[in-house]
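The values are calculated or read from the model by the stated rules, or taken from the named source; none is laboratory data. This is a predicted model, so every value here is computed, not measured. As a convention, Cβ positions derive from the backbone with ideal geometry for all residues, glycine included, and neighbour counts pool all protein chains shown. To get the accessible areas, we keep the full protein, side chains included, count just its heavy atoms, and leave off ligands, DNA and RNA. Shrake-Rupley method; radii C 1.70, N 1.55, O 1.52, S 1.80 Å.
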Amino acid sequence: MSAGWRRAAVVAAVGLVLAGCGQAAKSSGGGDTIGKLEIMAPADPGGGWDQTARAMQAAVTGSKLAGSVQVSNVGGAGGTVGLQKLSNEKSDSYLMITGLVMVGAVETNSSKARLEETTPIARLTAEDEVLVVPADSPYKTTEELLAAVQEKGKGVSITGGSAGGTDHILAGMLLKAKDIDPAKLNYVPYSGGGESLAALLGKKVDAGISGIGEYREQIKAGKLRALGTSGPAQDQTLKVPTFKEQNLGVELTNWRGVVAPGGISPEAKNRLTKLVTDMHASEQWKAELTKKGWTDTFLSGSEFSTFLNKEIGRIRPALQNIGLVK
């Protein structure tokens, strides 16, 4: 082969390599597919947000919707530490789990980072809350537990997720239903569901509130006793009376979804929305919903944006009513 032909062959080979690199770059975020997806659970391992992030990881990976999926945990202050991190994130292939807990925590923590500044992608699930006590607790009903709070005040401790979150709001609503002074509530917040569960099993607290999924296995194993659930109807696996059925007039459903950093391009938003929508339709995600006992409440695009703004508007007055925000 002549020197000229050799040079031409080398140029052609280099061109092919560069073209291949261009395709790789496209698949990692510049085109219709995502090479590396990052999902942040803004809480410690073990809680509902962490479970949601890892269920997404399993479904996206199993459906081959992204080249790789990495989950990270950034716990603290009801998710507002993670929200602050998201506000500084520049990647357009980055999602953060959010939910009703964070809507409340933004208010109670006077967070500088706001959910209004994020890019809403989709609502995924809803989950009823459950009130539990250790299996050998003297409190057999919600009425008995609330009567003890009325009598002993802060001598009765109730654990749950971060201050101002769904668990805390529900505890306040239960006290209000019996006209108990909210100042009597001794609420012990934990960043992750695993910690609140350990406190319950270790008899460090008298009662606990969380999403049913976080306590379900310990209830089924007989280590915790469920006193009531917060949804509109009984959970089919627990068969425990709802608070409405107990004439408390309390109903609250926790929801979870995903948002992206604010300021990403419309193309990046569309790409992430498509990925989450495709994940939602996958058999892998349906299997995760069944396994976790979550209710599918999928909303995306402008519908989710509208829903999120309404939630932000209604939670502050609810927090004020139970004394969590002035």
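Summary table below
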read-out	value
Residue under evaluation Asp181, criteria (1) modelled with pLDDT of 95 or more; (2) open to solvent by 40 Å² or more (accessible area, probe 1.4 Å), criterion not met	(1)
Residue match in segment 51-73 (condition: assigned to a helix (DSSP H, G or I), at pLDDT below 95 and not polar (S, T, N, Q))	no
Residue check, Gly67 touching a residue at least 24 places away in the same chain (Cβ under 8 Å), closer than 24 Å to Leu197 by Cα and not hydroxyl-bearing (Ser, Thr, Tyr)	no
Selection from segment 191-215 of residues that are open to solvent by 20 Å² or more (accessible area, probe 1.4 Å) and more than 17 Å from Leu100 (Cβ to Cβ)	Gly194, Glu195, Leu197, Ala198, Leu201, Gly202, Lys203, Lys204, Asp206
Within segment 135-171, considering residues that are under 14 Å from Ser196 (Cα atoms) and at pLDDT 95 or above, the one surrounded by the fewest Cβ atoms within 10 Å (Cβ to Cβ)	Ser157
Flag if Gly104 is at pLDDT below 95, open to solvent by less than 20 Å² (accessible area, probe 1.4 Å) and out of contact with any strand residue (DSSP E or B) (no Cβ under 6 Å at 6 or more places or on another chain)	yes
Residues being open to solvent by less than 10 Å² (accessible area, probe 1.4 Å), touching a Leu at 6+ places or on another chain (Cβ under 9 Å) and farther than 16 Å from Gln284 by Cβ - total across segment 31-81	3
